[in-house]
Amino acid sequence: MTTVIERTQGHYEVQETSYGEAYVWCPECVVVECNCGERPVLTASLSTCGCGADHAALVREELASRRSSEEVSHPLEDEYREWRKEQDEFLHSESHYSVEWRALD
């Protein structure tokens, strides 16, 4: 009988590169112990053990049953939202000044 050993939620990992940091998505995965004795790391798109056994139903069931209601956001998402807020405030203030300048003309 195939059993689930471990489940890892999808997440981003930071990888150092020559030009800075890269954020790489690591999909959620399940480690199972197959009937053949192997312990493959399986994902929704890769659900076959080295022996050929297809564990797609088990993987789907495990990932669906423990799926978090909270989405994983990109590590820079909060920074982007703050920057976007500042840009919106700047554009709003610019439009206010342009109205005042037109009133002076």
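The values are calculated or read from the model by the stated rules, or taken from the named source; none is laboratory data. For clarity, every value in this text was computed on a predicted model and none was experimentally measured. Backbone-built Cβ (ideal geometry, glycine too); neighbour counts: all protein chains shown.
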Those residues of the stretch 40-69 which are surrounded by 13 or more Cβ atoms within 10 Å (Cβ to Cβ) and in contact with an Asp or Glu (Cβ under 8 Å, 6 or more places away or on another chain), in sequence order: THR43, ALA44, SER47, THR48, CYS49, LEU63
Any residue in the stretch 15-31 that is in contact (Cβ under 8 Å) with a residue 24 or more places away in the chain, in a loop (DSSP other than H, G, I, E, B) and not small (Gly, Ala, Ser)? yes
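Quick grid of which residues meet (1) aliphatic (A, V, I, L, M); (2) modelled with pLDDT under 70; (3) out of contact with any strand residue (DSSP E or B) (no Cβ under 7 Å at 6 or more places or on another chain):
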site: ALA53; (1), (2), (3): yes, no, yes
site: GLU62; (1), (2), (3): no, no, no
site: TYR80; (1), (2), (3): no, no, yes
site: GLU94; (1), (2), (3): no, yes, yes
site: ALA103; (1), (2), (3): yes, yes, yes
